[in-house]
Structure formats: C-alpha cells, structure tokens
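See structure below.
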Amino acid sequence: MPLKKSWRERLADDKDLPRIETVTAQMQQKWGTGRFVIPAPREVDELMRKVRKGKLTTINDIRAALAKKHKVDFGCPITTGISATIAARAAAEDEAEGKTRVTPYWRTLKADGFLSEKYPGGQEAQKRRLAAEGHTVVSRGKRLAVEGYERKLTTL
C-alpha cells in the first residue's frame, strides 16, 4: 500500500492546474455566469506568502487576485479553499522540521474575517498566532473572527 503524500508533495502537485472553466448550467444558480479559474495550490500559496506581519487577507481576496491574474470572472471558491488548507498544512510540516520562514497561513481569513477551523490546530491556534501579531479575535456566535479585519487587509 503506497504511503500518503505529504502536504508539501500535495502543494507541489499542480495536477494540470491552473485551468480555466466556464460556469455550467448546474452551477449558475450558485455562482452566476462566466468563466473561472481552478488554481494550482502553489498559486494560492504564493499569494498567502505576500501577506506581511500585521496585515491580513481573505480567501475571497485571493480568489479575486487569481481571477485578475487569469483574466476571468472569479476564482473557484472550493479549490481555492482546499489549496489554502494544503498550503497551511505544508507550512506546518516545514515548521515541524525546524524551518522558520513558512507561509503565514494564519493571516488568511475566511469571508467576513472568520478564522478557519481547517488550518493546523484549528481556530484556537490561528487565534493565538493572530493575537501574537496584535490582532484582536472575538467570538461571533460559535465562530471566531478578527475584529476590524477590513482595516488590516493588504492588496494582493
């Protein structure tokens, strides 16, 4: 039985991506019309790496930057989210091996400033990292979000 790929291997595996697709009739109700990009994980990682200490970005901002780069209407929300998780877990592998310069995945938030439960250590670990960089994390129901995140967004 073959061993599972490491997160770094998954990050490096482009699987013939990026690829441009057209919204199908089945997808139109949820996504509208037009063309979209299915990004390679490395593209998402590259954008996440641009976020400097004290700044933040969101998955939606990454999707918009990918759409602009590929001259399409939007970036695939599903694949972009999966790629962000792959980038985060690859960074955690790097940290576990003692590397200090890793993708600062904790600076990438979900829509409306919410923290991601899919990053290594879940929302609590992301909260600790963000707090260490001066961000205030608050509870919104059962979820955590960065207070005033809009003022700290960076341009990708």
Are there any pairs with C-beta distances below 9 angstrom linking a residue in segment 132-146 that is without any contact (Cβ under 8 Å) to a residue 24 or more places away in the chain and farther than 17 Å from residue 119 by Cα to a residue that is outside any loop (DSSP other than H, G, I, E, B) and open to solvent by less than 40 Å² (accessible area, probe 1.4 Å), with the two at least 6 apart or on different chains, and if so which?
-> 136/130; 136/146; 138/144; 138/145; 138/146; 139/145
Say we look at segment 110-156 and pick out the residues that are over 23 Å from residue 45 (Cβ atoms) and polar (S, T, N, Q); which of these is surrounded by the most Cβ atoms within 10 Å (Cβ to Cβ)?
-> 136
Evaluation of residue 116 against (1) in contact (Cβ under 8 Å) with a residue 40 or more places away in the chain; (2) under 11 Å from the mean Cα position of the chain (by Cα) (one fails), failing number | (1)
For segment 100-109, which residues satisfy the criterion of being open to solvent by less than 40 Å² (accessible area, probe 1.4 Å) and either charged (D, E, K, R) or in contact (Cβ under 8 Å) with a residue 24 or more places away in the chain (or both)?
-> 103, 104, 105, 106, 107, 108, 109
Select from segment 1-21 the residues that are open to solvent by less than 70 Å² (accessible area, probe 1.4 Å) and part of a loop (DSSP other than H, G, I, E, B) and list them in ascending order.
-> 6, 13, 14, 17, 18
How about segment 99-110: which of its residues are part of a loop (DSSP other than H, G, I, E, B), at pLDDT 95 or above and not charged (D, E, K, R)?
-> 102, 103, 104
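Inside segment 17-57, can you point out the residues that are charged (D, E, K, R) and at pLDDT 95 or above?
Result: 19, 21, 35, 42, 43, 45, 46, 49, 50, 52, 53, 55.
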Counting only residues that are touching a Ser or Thr at 6+ places or on another chain (Cβ under 9 Å) and either under 18 Å from residue 62 (Cα atoms) or among the hydrophobic types (A, V, I, L, M, F, W, C) (or both), how many does segment 90-105 have?
-> 3
Restricting the search to segment 22-51, which residues are surrounded by 13 or more Cβ atoms within 10 Å (Cβ to Cβ) and part of a strand (DSSP E or B)?
-> 35, 36, 37, 38
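The values are calculated or read from the model by the stated rules, or taken from the named source; none is laboratory data. Owing to the predicted nature of the structure, the values given are computational and were not obtained by experimental measurement. Reconstructed Cβ throughout: ideal geometry from the backbone, glycine too, with neighbour counts over all protein chains shown. Just the protein is used for accessible areas: all its heavy atoms, side chains included, with ligands, DNA and RNA removed. Shrake-Rupley method; radii C 1.70, N 1.55, O 1.52, S 1.80 Å.
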